[in-house]
1. Given the criterion in a helix (DSSP H, G or I), touching a residue at least 12 places away in the same chain (Cβ under 8 Å) and not assigned by TED's automatic domain parsing to the domain that holds ASN319, identify the matching residue among LEU137, LEU79.
2. If you scan segment 514-535, which residues turn out to be out of contact with any Asp or Glu (no Cβ under 6 Å at 6 or more places or on another chain) and buried (at least 23 other Cβ atoms within 10 Å of the Cβ)?
3. Does segment 622-637 contain any residue that is of a type in the set (Gly, Ala, Ser) and at pLDDT below 75?
4. Would segment 346-369 turn up any residue that is under 30 Å from ARG425 (Cβ atoms) and of a type outside the set (Gly, Ala, Ser)?
5. Just checking, does segment 78-94 include any residue being in contact with a Gly (Cβ under 7 Å, 6 or more places away or on another chain), within 16 Å of the ligand (Cβ to nearest atom) and open to solvent by 30 Å² or more (accessible area, probe 1.4 Å)?
6. Name the helices (runs of 4 or more DSSP H) wholly within segment 175-280 that hold at least 2 residues that are touching a residue at least 12 places away in the same chain (Cβ under 8 Å), open to solvent by 40 Å² or more (accessible area, probe 1.4 Å) and basic (Lys, Arg)?
7. For segment 672-691, state whether one or more residues are farther than 29 Å from GLU514 by Cβ, among the aliphatic types (A, V, I, L, M) and not in a helix (DSSP H, G or I).
8. Just name the residue that is least open to solvent (accessible area, probe 1.4 Å) out of those in segment 147-174 that are of a type outside the set (Asp, Glu), more than 16 Å from the ligand (Cβ to nearest atom) and more than 20 Å from ALA229 (Cβ to Cβ).
Amino acid sequence: MRKYYQFAFITLMILGLLASCSQDAKKYRIGVSQCSDDIWRDKQNSELQIGAYFHDNVELRFAAAYDSDERQIQQIDSLVSTGIDLLIVAPNQVSTISPAIDRAYDKGIPVIVFERKTNTKKYTAYMGADNYEMGHLMGEYVATRLNERGKIIEVMGLKGSSPAIERHNGFREAIAQHPGIQVVATLQGDWTEPTAYNTVKQWLDKNKGEKIDLVFGMNDRTAMGARKAFEEAGGILPLFCGIDGLPGENGGIRLVQDSLLDASYIYPTHGDQLLQLAVDILEGKPYEKETNLMSALVTQDNARVLLMESEEIMRQSSNLEQLHEKASQYLDQLGNQRTLIFVALAAILLLLALLAGIYMYYLQRARIQDERMLMEREQLDFYTQVSHELRTPLTLIQGPLDQLLRTNDFRDATDNARELFSIVRRNTQHLTSLINKMLDAQVGTPIQEMTSAQVDAITVSQPIAAPAVEPEQDEDAPTVLIVDDNADIRTYLRSILQGQYRLLEAEDGKRGLELAREQVPDLIVSDVMMPVMNGLEFCQQVKKDVISSHIPVILLTARALEKQQIEGYESGADAYITKPFSPELLLARIDNLLQSRHQLKDLWGMKPVTEASVTPPQGTAVATTPIEDAFISRFKNMVEERLSDNNLSIEDLAADMGLSRVQLYRKVKALTGNTPVDLLRKARLAQAQKLLQESTLSVSEIAYQVGFASPSYFTKCYKDEFGTVPGEARKS
Ligand code: FRU
């Protein structure tokens, strides 16, 4: 049974593992270290996230340094320590962040430097726009916009950051080509609007009245900070140009469209492209070491179209977000369902294993039980057989010996002979008791006490003739049928019973049955273990047949066990005597059964004759059975129907009942104690008595009516039966 529980447990574990494995597919952890936190960075981060949706094995970990070198260094180190597979970094300044990037790279983590540059060579790939070109194009635009003449202010990005340096270089080199354009001030900003506002405000305070035609802020926020300062200062506003050109509410494109800025330059974010590069590196696919992102100028001429385009892109991005949200909900549900199915499957398997276990357990138990029963049965059969074999010769030693001890021959024997005989007798008894004990110990069933009692109860007094001399049979004595396959036992039984009973003998059940039907004996003594038809079946057949059903059957056998006796009684036996038996007990039993057999009341209101009135001793009553009741009532009806027929013979009655004359005679006699002829006469007389009392018919008329051939014979019979003449009944 334990094996099944182990099997079930292991199955459960495997299923659990399968379930968890399938949910735990390899994930790429990508760290993203942003130098700042603003709308440009937000846009890029959400593009990275959307890019990740296309790869279900990518996990992004974001960090923003808020323009602080120390913070960014610390964040990169901590991302590396959490165990990332790749680092994307936009370094705050060119030189300050390099050591942290080197540390990550040296640990074998691929590094993508994005948008801003460093002075380290330890990176896997770079992606970004060309900031020099951007500054240069803006310089060219400014010159054209001012028709080659005018004063301008340049507000820089964060000092030391690569875009600030490159944009400045490009811008100044372009402006240098246009001598009519004069850069009156280059102010230091840090990419934020408040710093730009402050620095421009200070310059305006110092240079009151100076006319400025255009301000170039290195990003849109810087340009707007400068605009605020100029607006506050009053006077004619110059033109403002910036870089970034973001879509959305406060983005540069709208600012250009609303004429708050004169121009901007789209600084590409391209987060999705960046993510793809990261995945390619992680998956070992070929990739570009340096990727230059293309860009474009935003002016009054194209702002409207660009805005529409970018809004469309934003709308699609938001749809994509929603779709992803829904998809992950479904995936979650699917995951739950899958877990549920696994659990249900495991439960079913467990249940099946359990059921199989229980089934096999019961199967095994039933098999053991069957085997044990078979063994017991074989053992019992063996001991029964052995005991039968031993008891029969024992009976044949013990019985004759006891008879011998009581004969005159023995009384004349010498003391020595007497002593020797008693030794034989004692040891026979001892052997019997040993057999009983052996059976008792082997089978564990108590052997009926009477068996051993019988051994000592051999006190038969009547002399029994030697088997060799066949005495005359007394034809009037009750008939006993002996059925036994052992000729010695038959001889011994004969020696016990003859003289008192007329005897019939058969050597097996089949022959016994033939004799029982033919002769209808008064009683049957039968062995159980016999060839052809055993005693139990024989007894059943006797009790089934209407001819013989009333005959008492004594089973005489070596099958001494209680359950074997029960079997015997179930077959219909009236008594069960075990071998070796006491002849006295057998005689007493036979006598007792014969005494108690006439149980039926007289059929026509008269007492049964002779020995029939003896009350049977307790426990031996031969109750009438339904077969007997049916037989008697049939017989009674038949007699009553044909009462007036004075030619009615017993042969006729027997033939009507499907029996021979002998069979009818013996059956009726056995059941009622009266012969059929007696009963027929009694029935006629009872009817006559009734007519005498109830009718006005003459005695002669009544005599004929009840089947008497002559009135004088009727009167004689009537007087014999009732003690009075018919005329007396008439008078009363
Ligand atoms: C965003 C930003 C942009 C600018 C870029 C330069 O953080 O300040 O506005 O164009 O960075 O690296």
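The values are calculated or read from the model by the stated rules, or taken from the named source; none is laboratory data. Just so you know, these numbers come straight off a predicted model, no measurement behind them. Methodologically, a virtual Cβ is constructed for each residue, glycine included, from the backbone with ideal geometry; neighbour enumeration extends over all protein chains shown. All accessible areas refer to the heavy atoms of the entire protein, side chains included, with ligands and DNA or RNA removed. Shrake-Rupley method; radii C 1.70, N 1.55, O 1.52, S 1.80 Å.
1. On the way: LEU79 fails: not assigned by TED's automatic domain parsing to the domain that holds ASN319.
Sole residue among the options that is in a helix (DSSP H, G or I), touching a residue at least 12 places away in the same chain (Cβ under 8 Å) and not assigned by TED's automatic domain parsing to the domain that holds ASN319: LEU137.
2. Across segment 514-535, the qualifying residues are ALA516, VAL520, PRO521, LEU523, ILE524, VAL525, SER526, VAL528.
3. Residues of segment 622-637 of a type in the set (Gly, Ala, Ser): 623, 630, 633.
Filter once more, keeping what is at pLDDT below 75: 623.
Yes: segment 622-637 contains one or more residues that are of a type in the set (Gly, Ala, Ser) and at pLDDT below 75.
4. First pass over segment 346-369, keeping only residues under 30 Å from ARG425 (Cβ atoms): none.
No; the residues of segment 346-369 include none that is under 30 Å from ARG425 (Cβ atoms) and of a type outside the set (Gly, Ala, Ser).
5. The answer is yes; a qualifying residue exists.
6. Values: elements: 193-206, 220-233, 252-257.
The qualifying helices (runs of 4 or more DSSP H) are 220-233.
7. No: segment 672-691 contains no residue that is farther than 29 Å from GLU514 by Cβ, among the aliphatic types (A, V, I, L, M) and not in a helix (DSSP H, G or I).
8. Applying the first criterion (of a type outside the set (Asp, Glu)) to segment 147-174 yields 147, 149-153, 155-165, 167-172, 174.
Pick out the ones that are also more than 16 Å from the ligand (Cβ to nearest atom) and you get 147, 149-153, 172, 174.
With the extra rule that they be more than 20 Å from ALA229 (Cβ to Cβ), the set shrinks to 147, 149, 172, 174.
Numbers: ASN147: 126, ARG149: 178, ARG172: 86, ALA174: 0 Å².
So the residue we want is ALA174.
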